[in-house]
Structures are given as C-alpha cells and as structure tokens.
Amino acid sequence: MAIKPRVIYWFRTDLRLHDSPALAAALDLKPECLWPIWCWDPHYVYRARVGPNRWQYLLDCQQDLSDSIARLNPKSRLHVLREAPQTLLPKLFKAWKVTHLVFEKDTDAYARSRDEEVMSSAREAGVQVIVKYGKTLWDPDAVVKANGNKPTMTISQLRHAGEKVGDIPRPIPAPKSIPDPGNMPLDFAQTQPAPEPDLNSIYRTRKENSYEKLAGPNGDFAVPTIEELGIKSATTPHRGGETGALAVLDNIIKNEQYTATFEKPKSAPTAFEPQSTTLLSPHLHFGSLSCREFYWRVQDVVDNFKGKASQPPVSLTGQLLFRDMYFAAQAKMGWKFSQTVGNDHCRFIPWHLRSKVDGPDGLVTGEYNIDSVEAEEWFQRWKTGRTGFPWIDAVMRQLKQEGWIHHLARHSVACFLTRGGCYIDWERGAEVFEEWLIDHETACNTGNWQWLSCTAFFSQFYRCYSPIAFPQKTDKNGDFVRHFVPELKDFPAKYIYEPWKAPIQDQRTAKCIIKGDGTVQTIDELPAYPKPMFDFSTRRDICIGGMKNAYRVGLYGNSPKVVNGSWPSAFDDDAEGTTDGKNISEQDTLEVETHRQIQTDTNSKADSLKPMNKNKRKGTGTLEGFLRPQKAMK
DNA sequence: GTAACTGTTGACGAT
DNA sequence: GATCGTCAACAGTTA
C-alpha cells in the first residue's frame with residue numbers, strides 16, 4: 001500500500017497563499033499532512049545588514065501568512081524554526097517521516113547553493129523534492145536559454161526571449177483549505193550558528209536570542225517579534241503582508257485610468273502622501289504579492305480600456321519586464337553579477353572607494369578601500385543626508401526613515417553618488433540601498449545601480465541628473481524637501497533647492513543658517529543646514545570627463561588589468577582627477593602617487609590624495625558579499 | 001558591413 | 001506650461 005504523502009512546504013520569499021504554483025503542487029499531492037515552515041536562516045539574521053524597517057516588513061509578511069493559514073485550518077500556521085535550512089531540513093525529514101519537500105524556485109546565487117545542498121540531503125533521505133517557479137513572469141533560466149544562453153541586458157532582449165518562453169501563466173487561486181500539520185517532534189540537537197560576525201549589531205538594542213530554542217521562546221513555532229530579534233523599532237509607515245498587498249492592488253485596479261495610462265517616467269519622485277507609484281515593490285520582494293497576479297489584473301484592465309493605454313516599458317506591466325530582465329541577468333551571471341571585478345558585462349570605472357576583492361574566486365569581501373579621504377567624507381554625507389543639496393538629503397532621509405523612495409529619486413541620488421557628482425563606486429551605494437530599502441531585491445538593486453552608474457544596461461553618461469533642476473520639474477515649491485528636511489521648511493521657494501544662495505537676512509527670517517558640513521546643529525541658536533559639499537556643475541563636468549576617458553580605455557570587470565590590479569597603467573595618459581586609484585600593490589601605489597603629485601599643483605584638495613590603501617572599513621558588506629561561500633570570505 | 005534609428009525616466013534655452 | 005532642438009555623444013537593434 002502506498003504511503004500517504006507527508007509534505008513540508010518550505011516558505012522563503014513567497015509569503016503568500018494566492019498564485020503559488022509550488023503550494024498548489026504541494027496540495028495536489030493530497031497530503032496526509034502538510035507542514036508550512038520557515039527556516040530562520042543565520043545568513044540573513046547575522047550576515048546581511050538589514051535595517052529595522054525591512055525586518056519589520058518581513059515579520060509582518062510572516063505573521064499575516066501565518067494568520068491566513070490558521071484561518072483555513074486552525075490546527076495549522078506558519079511554523080518558524082530557528083535553524084539554518086541546510087542543517088535543519090535533513091533532521092526534520094527523519095523526525096517527521098517526511099515524504100515530500102516542496103518549495104518555490106529561487107535563482108539568486110545564495111539560494112541556488114543553499115537549495116542544492118538541501119536537495120542533495122533530500123535525495124539521500126529518500127524525500128521527493130518538488131520545485132515550481134512563480135517569482136517572476138517567466139523562469140529566469142528559461143529566459144536565459146531563449147536568449148542564446150546570454151544574460152538579458154536590454155528590455156528588447158527580454159521581450160523577445162519572453163515570447164519564446166511562452167505565455168505568462170494566469171494566477172492560481174488561493175487554496176480553500178490546508179491539511180493538518182503532522183506531529184512535530186524535535187527530538188534532535190539544534191545546530192546553533194556562530195553569532196559572529198553579526199552585521200546587525202548596530203541595530204540591536206539588546207542581546208539577540210533567535211537561536212535559544214528551536215521552536216521559539218514559547219516553543220510554539222511562532223513568528224518572532226522584532227523585540228525577540230533585539231532589533232530597534234521600525235520607523236516606516238509601510239507594512240507587509242499578503243492581506244494588505246491584495247487590498248492595495250484592488251485599489252489600484254479600481255482606478256482604471258491610473259492603471260491603464262500609468263507612465264513611469266512621468267510619475268513624480270517628489271510626491272508623497274500619497275506617492276505617485278504603487279508601492280507594491282516590497283510585496284513583490286517578499287512574495288506577499290504575486291507578480292503574475294499583478295500582471296494579469298493590470299493587463300485585463302488595459303485590454304478593456306476604452307481610451308489610449310500606455311505601453312511597456314513605461315506602463316505598469318512594463319515595470320515587471322524590467323524586473324524579469326534583471327533576474328535573468330543575475331540568473332546567468334551568479335555571484336559575479338553583484339560586483340564589478342570579474343564581471344564581463346560591467347564596465348570598469350576607476351571610482352573612489354572601490355570594493356576590496358579577495359579569495360580564489362575574486363569575490364568582494366564586504367570591505368572597501370578608502371583611496372580618498374574627501375570621497376569617504378562625501379560618501380558619509382550622502383548616506384546620512386547632509387550633502388548640502390536639499391533634494392539629495394531629503395531623498396536619503398526618506399530612505400532611512402521610511403525604507404522606500406520613488407524610482408526616479410533613486411536615479412537622482414545614484415547618479416549623484418557615482419557618475420554625476422562624487423565619482424564613488426556604485427557598489428557603495430548599492431550596499432546602502434540594500435541595508436535600508438524595504439523592497440531590496442539583489443537582482444534589481446544591482447541592475448539599477450549598474451544602469452545609473454553607466455557600467456551596464458545603460459551608457460548615456462552625459463545625461464546627468466541635477467539636484468536642483470530635476471526636482472523642480474515636479475515640485476516647484478519644494479514641499480518634499482520641506483517635509484524631509486524640516487530645518488528648511490520656511491525657506492522661500494526661490495531658494496529651497498539651493499539655500500546657500502539665500503542672503504543671510506533671508507536665512508535668519510527662515511530660521512535656518514546655511515553653514516558648515518552638517519556636523520554643526522545650531523548657529524547663533526538657529527538650526528544649521530550644511531553648505532553644499534561641492535560645486536555641482538564643476539563636479540558634473542569632471543565626472544563626465546572621467547567617464548568619457550574610462551569608456552575610451554574600455555576595461556570591463558573581467559579584463560586582466562582589472563582582475564590583476566594593474567589597471568592604473570591604462571589611465572596614465574589622463575590628467576582627470578577622477579581616474580586615479582590606489583586599490584593596488586605598493587609598487588602601483590607609488591606610481592599613482594607620483595601621478596598625483598603633478599595634479600596637486602592645480603588641485604587644492606591635496607589631502608584627498610594621500611595614500612590610504614591600508615585604511616579600510618569593515619562590516620558594510622553587501623548581502624551577496626556576506627552570503628557567499630565561506631572560502632571566499634577569508 | 002554600414003548607416004540610421006532607437007533607447008522607460010537630462011538640462012537648458014527657445015518658441 | 002508644453003514641446004522642441006541642441007548639447008556632445010553611447011551602444012544595441014534594425015534596415
């Protein structure tokens with residue numbers, strides 16, 4: 001007699017019941033029992049730097065899903081187990097007499113290695129594994145295959161490949177019932193992770209005790225609270241969970257005009273309360289909304305729309321195509337997609353603050369070289385919202401506070417940090433977004449930073465965002481700045497984007513003095529706002545010159561000179577102050593230093609030119625960086 | 001092979 | 001205020 005299926009459904013970032021091909025496959029087995037579980041992975045708890053807002057969003061999604069499961073079957077819920085899946089699942093297979101393991105396929109580099117390990121232990125245990133795909137419109141691996149086994153680098157490549165792969169599947173309704181979970185004996189030893197390095201220590205208010213008990217502090221497999229994680233309270237108004245996601249989607253779909261005529265480039269990055277885009281991206285990241293549900297709900301409105309509907313790529317469905325493009329590029333390139341060095345599709349630009357690369361595989365270590373004191377100061381001022389450019393600072397403060405900023409605001413601050421202002425490595429900016437965005441998705445974040453820095457996907461570096469003119473197009477009065485940079489709230493509209501131009505009398509009337517570098521809080525008992533950290537148009541010209549030269553040199557991340565560190569020799573004939581770098585051997589450092597002395601004569605910023613190659617910053621590494629195989633982290 | 005065209009989202013000044 | 005050409009100019013796609 002056949003054994004009745006005893007199924008573990010392993011949730012990851014597919015935290016929903018509606019349109020889950022993998023969950024549908026699990027239920028098709030007509031299992032005797034089904035355990036919905038989440039493995040509390042130390043790679044995320046300790047090794048990725050995640051701000052409180054994204055932690056809260058994840059917990060919201062888990063709790064909402066758990067409640068929804070319990071509504072379908074009061075005996076069930078999302079069972080959160082505090083252990084890494086690689087060590088936990090083999091023990092569960094045995095202890096719970098599991099016959100099947102079902103999960104949704106992931107194609108990012110860490111997930112692939114994790115899932116390979118889990119699938120191999122399942123094979124050894126005689127457990128059948130069922131993997132279905134539902135994260136993007138098409139399976140990225142199928143897209144890559146249809147694109148001639150190459151990463152999709154343009155939207156037209158993605159569209160052609162998508163057509164070859166086939167129709168976008170219609171969503172699957174949420175299940176009406178969920179089988180009981182079986183017994184859950186935990187008569188085995190818990191494998192506790194090493195708590196160090198804990199990249200989230202800066203966010204913890206007290207000792208983190210996720211791993212004290214396998215089934216949580218009360219032994220009931222409950223979703224952890226943010227207090228249990230010892231993480232500071234979230235400051236974002238945005239909340240996670242499938243129930244909320246579907247309600248937001250309903251509201252958008254109800255507005256046929258908005259849904260059918262949406263054009264991303266025409267939406268205002270300065271709009272807040274409400275914002276001008278859907279804010280569904282964090283739900284797509286955590287899987288609390290299915291992108292196929294989103295796609296078809298929108299497409300059905302467009303198909304029935306009487307007026308002139310917008311078209312991809314600017315339309316709502318077009319946004320999903322970009323997501324698929326980045327996922328397929330990442331699926332093909334693996335770990336190397338998220339870094340410059342070793343990446344054959346990413347141009348090499350001799351930015352400041354480049355990532356440190358190490359190990360036999362040439363992967364980034366999570367550290368970077370401070371080759372310029374000035375650039376490091378600019379980077380810190382950018383990150384903390386005190387550049388002295390109100391638009392840039394408002395966006396960066398919104399990012400930290402709320403964990404979400406408009407797509408074009410991301411463009412603006414990314415351009416400013418890299419090719420259109422600071423000439424700092426895009427990987428530094430990507431790390432900050434990774435830490436603070438509630439919708440952070442490695443594929444999209446990396447792809448968009450490469451796009452904006454003109455290192456891949458896009459190359460028109462002479463199109464540069466102005467921190468003054470760009471926000472003025474949609475917010476003449478500067479309401480967005482007044483909200484997020486409240487010390488400027490009483491400045492006249494004439495000066496709101498360039499307050500340093502206001503006469504001192506106007507500054508006093510507006511009760512804010514423009515002085516210093518942002519470290520001074522008050523001047524003459526009035527609040528202070530910093531002076532701009534550089535002259536924008538001068539920096540823009542320097543950066544464009546640097547980009548032009550770097551394009552002429554034509555190095556890519558996999559060029560031998562980049563991999564072996566001899567790239568400065570390719571830039572010797574150029575006098576741009578932006579093309580020097582010291583992330584190289586002592587010999588090369590000397591050469592660069594000589595090169596710099598010549599420049600110093602015409603450059604008063606001599607301090608920034610001191611060799612700093614031993615001065616490196618620790619612990620700001622990317623998620624990908626710290627999720628890489630241990631051997632690559634040494 | 002070559003040239004023209006096109007590319008989700010620039011700034012600026014003229015009309 | 002909306003739309004246009006220019007700025008100086010990249011690279012994938014199409015004819």
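Please give the FRET efficiency for residue A:537 paired with residue A:225, using the beta carbon to beta carbon distance and R0 = 56 Å, rounded to the nearest 0.05.
Plugging the Cβ-Cβ distance into 1/(1 + (r/R0)^6) gives 0.65.
Does anyone have the angle between helix A:52-72 and the longest principal axis of chain A? Alpha-carbon axes, 0 to 90°, nearest 10?
Between helix and principal axis, roughly 20 degrees.
Please report the equivalent ellipsoid semi-axes of chain A, computed as sqrt(5 x eigenvalue) of the Cα gyration tensor, largest first, in whole Å.
After scaling each eigenvalue by five and taking roots: 43, 29, 25 Å.
Give the order of A:509, A:236, A:243 when sorted by the count of other beta carbons within 10 angstrom, beginning with the fewest.
A:509, A:243, A:236
Mean separation of Cα pairs under 8 Å and 6+ residues apart, divided by the residue count of the range A:1-134: what relative contact order is that in percent?
It comes to 34 percent, rounded to a whole number.
Would you mind listing how long the range A:77-152 runs along its three principal axes, going by Cα atoms, in whole Å with the largest first?
44, 27, 19
What size of dipole, in debye to the nearest 20, comes out for the range A:469-529 about its Cα centre when the only charges are +1 on Lys and Arg C-beta atoms and -1 on Asp and Glu C-beta atoms?
220 debye
Which value in nm describes the separation of the simple spin-label points at residue A:459 and residue A:180, placed 7 Å from the Cα toward the beta carbon?
Calculated label separation equals 6.4 nm.
Past 20 Å, Cα to Cα: identify those pairs from A:150/A:548; A:332/A:356; A:150/A:561; A:489/A:531; A:494/A:531; A:105/A:356, in the order given.
Violating the 20 Å Cα-Cα cut-off are A:150/A:548; A:332/A:356; A:150/A:561; A:105/A:356.
Once R0 is set to 45 Å, what does the formula 1/(1 + (r/R0)^6) return for the Cβ-Cβ distance between residue A:494 and residue A:300, expressed as a FRET efficiency to the nearest 0.05?
0.45
For A:556, A:9, A:551, what's the fewest-to-most ordering of other Cβ within 10 Å of each Cβ?
Going from least to most buried by this count: A:551, A:556, A:9.
Quick one, what does Rg over Rh come out to for the range A:1-134 if you take C-alpha atoms and the Kirkwood Rh?
Taking Rg over the Kirkwood Rh, I get 0.95.
Only Lys, Arg, Asp and Glu count, each charged at its Cβ (+1, +1, -1, -1), so figure out the dipole size of the range A:1-134 about its Cα centre, rounded to 20 debye.
Its charge dipole is roughly 360 debye.
Average projected area of the Cα convex hull of the range A:307-422, in nm²?
Value for the range A:307-422: 9.8 nm².
Percent of Cα-Cα pairs per 5 Å bin, from 0 to the last occupied bin, for the range A:390-494, please list those.
Binned Cα distances yield the sequence 2, 13, 23, 24, 19, 12, 5, 2, 0.
For the residues A:235, A:387, what sequence is obtained by ranking on other C-beta atoms within 10 Å, fewest first?
Starting with the residue having the fewest Cβ neighbours, the order is A:235, A:387.
Please report the net charge: other residues with Cβ closer than 13 Å to the Cβ of residue A:147, K and R +1, D and E -1.
Combined, the nearby Lys, Arg, Asp and Glu give +1.
Stretch residue A:255-residue A:526 to full length: gain in nm at 0.36 nm per residue minus the Cα-Cα span?
Stretched out fully, the residue A:255 to residue A:526 stretch lengthens by 93.0 nm.
What is the ratio of the Cα radius of gyration of the range A:52-97 to 2.2 N^0.38 Å, where N is its residue count, to two decimals?
For the range A:52-97, the normalised Cα radius of gyration is 1.41.
Mind checking the dipole of chain A: about its Cα centre, +1 per Lys or Arg Cβ, -1 per Asp or Glu Cβ, Debye to the nearest 20?
Once rounded to the nearest 20, the dipole reads 700 debye.
Per q in 0.15, 0.21 1/Å, what log10 I(q)/I(0) does a Debye calculation on the alpha-carbon atoms of the range A:469-529 return?
Evaluating at q = 0.15, 0.21 Å⁻¹ gives log10 I(q)/I(0) of -0.41, -0.77.
Any chance you could run the full-extension gain for residue A:384 through residue A:130? It's 0.36 nm times the residue separation minus the Cα-Cα distance, nm to one decimal.
My answer for the length gained is 86.9 nm.
Considering the alpha-carbon set of the range A:134-288 alone, what are its Rg and its Dmax in angstrom?
According to the Cα coordinates of the range A:134-288, Rg and Dmax are 21.8, 58 Å.
Hey, quick one: spin label on residue A:204, modelled 7 Å out along Cα-Cβ, who in the range A:35-73 has an amide N within reach, i.e. under 17 Å?
Once the point is set 7 Å along Cα→Cβ of residue A:204, A:40-53, A:55-56 turn out to lie under 17 Å by backbone N, inside the range A:35-73.
From the backbone phi of the range A:419-436, what are the Karplus-calculated ³J(HN,Hα) couplings (6.51 cos²θ - 1.76 cosθ + 1.60, θ = phi - 60°) in whole Hz, Gly and Pro given as x?
So the J values, rounded to whole Hz, are 7, x, x, 8, 6, 10, 3, 4, 5, 5, x, 4, 5, 5, 4, 4, 6, 10.
Throughout, read-outs are computed from the coordinates displayed, never taken from laboratory work. Since the structure is predicted, the reported quantities are computational estimates derived from the model, not experimental observations. Neighbour counts are summed over all protein chains in view; Cβ atoms, including those assigned to glycine, are modelled from backbone coordinates with ideal geometry.
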